[in-house]
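First the structure, in the form of C-alpha cells, and then the observations on it.
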Amino acid sequence: MLKVGLTGGIGAGKSEVSRLLAGYGAVVVDADRIAREVVEPGTPGLDAVVAAFGASVLTADGTLDRPKLGSLVFADPEKLRVLNAIVHPLVGARSAELEAAAGPDAIVVHDVPLLAENGLAPRYDLVVVVDAAPGTQLARLVGRRGMTEGEARARMAAQATREQRLAVATLVIDNDGPLEALEHQVRTVWKDLVARAADASVE
C-alpha cells in the first residue's frame, strides 16, 4: 500500500485533483466528507459540538448549521482549536478504518485540508500539495463560492501559509492555470505514484 497525503489551501483546487486521482484508481479517503459524517444528527460528534458551542449552531431540523459555525470559529482561533479537538480524532479514526479496508496493493490518497497545520506529513509515504497563488485562491472563493472578500481572506488566514504547505511537499501540482493543464499534471503525478507503489512492493 502506498499512503499519499493530498493537501492544498482553500480554493487551490484540491477537490478536483482528488476527483481526478479517484478516476485513475486511487482509493480516496476524504477528510472533509468524513468530517461531515462524524457530526451528523445522532452522532457523539454533533453532541460534543453542541455542548461546546450551544444549540444555536443547529438548523431547525437538527443538523449542523455549517455556515454559522464557520463564521464563529474562523474569526476566533480558540474556538477553532476547540472544534478541531472534537472533530479531528473522530476523522482520524474513521480514516484509519477506510485505509485498512483498501487492500495491500492500493494507492490510498488521504485528502486532508489541514495536513500542514496539524503536522501530519510523517503519516504518509509522500505528500502531494496542490498549489495556487493567494490571488487565485481569493478570486475563486469570491467568484465561485460566493464568499465576500473578507470571509475569503479569513478562511485563508486560518490555514497554513503557502510556504508552510510547500515545505512538506514531495510533489507539487501548480493549479494557477486552466483545467486542461491541471489534468495533464495529475496524470503525470498518477504515473509517478504507480511507479512508487510498484517499487515499494518489490522491496
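The values are calculated or read from the model by the stated rules, or taken from the named source; none is laboratory data. What you see is a predicted model, and the numbers here were worked out from it, not measured in a lab. As a convention, Cβ positions derive from the backbone with ideal geometry for all residues, glycine included, and neighbour counts pool all protein chains shown. These area figures cover heavy atoms from the full protein model, side chains too; ligands, DNA and RNA do not enter into them. Shrake-Rupley method; radii C 1.70, N 1.55, O 1.52, S 1.80 Å.
Select from region 72-85 the residues that are over 15 Å from MET156 (Cβ atoms), at pLDDT below 90 and surrounded by fewer than 14 Cβ atoms within 10 Å (Cβ to Cβ) and list them in ascending order.
Correct list: ASP76 only.
Confirm whether VAL27 is among the β-branched types (Val, Ile, Thr), over 23 Å from ASN118 (Cα atoms) and open to solvent by 20 Å² or more (accessible area, probe 1.4 Å).
Considered against the rule, which asks whether it is among the β-branched types (Val, Ile, Thr), over 23 Å from ASN118 (Cα atoms) and open to solvent by 20 Å² or more (accessible area, probe 1.4 Å), VAL27 comes out as no.
Here is a list of conditions, (1) buried (at least 16 other Cβ atoms within 10 Å of the Cβ); (2) modelled with pLDDT under 95, and GLY146 meets all of them except one; can you say which number that is?
Every listed condition holds for GLY146 apart from (1).
Within region 117-140, identify whether any single residue is touching a Phe, Trp or Tyr at 6+ places or on another chain (Cβ under 6 Å), assigned to a loop (DSSP other than H, G, I, E, B) and surrounded by fewer than 19 Cβ atoms within 10 Å (Cβ to Cβ), and answer yes or no.
Looking through region 117-140, none of the residues is touching a Phe, Trp or Tyr at 6+ places or on another chain (Cβ under 6 Å), assigned to a loop (DSSP other than H, G, I, E, B) and surrounded by fewer than 19 Cβ atoms within 10 Å (Cβ to Cβ).
So if I check each of ARG81, ARG94, ARG19, which one is over 30 Å from ALA198 (Cα atoms) and assigned to a helix (DSSP H, G or I)?
When all the criteria are applied, what remains is ARG81.
Which of the residues belonging to region 152-190 are in a helix (DSSP H, G or I), buried (at least 17 other Cβ atoms within 10 Å of the Cβ) and at pLDDT below 90?
ARG155
Each row is one residue, and each column tells you yes or no for (1) assigned to a helix (DSSP H, G or I); (2) open to solvent by less than 30 Å² (accessible area, probe 1.4 Å).
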position	(1), (2)
ARG33	yes, no
VAL39	no, yes
GLY45	yes, yes
ALA48	yes, no
LYS68	yes, no
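Based on this model, can you work out whether ALA198 counts as more than 15 Å from LYS14 (Cα to Cα), open to solvent by 60 Å² or more (accessible area, probe 1.4 Å), free of Cβ contacts under 8 Å to residues at least 12 places away in the same chain and among the aliphatic types (A, V, I, L, M)?
no
Against the conditions (1) touching a residue at least 24 places away in the same chain (Cβ under 8 Å); (2) open to solvent by less than 50 Å² (accessible area, probe 1.4 Å); (3) assigned to a loop (DSSP other than H, G, I, E, B), where does ASP105 fall short? Just the number, please.
Answer for ASP105: the failing condition is (2).
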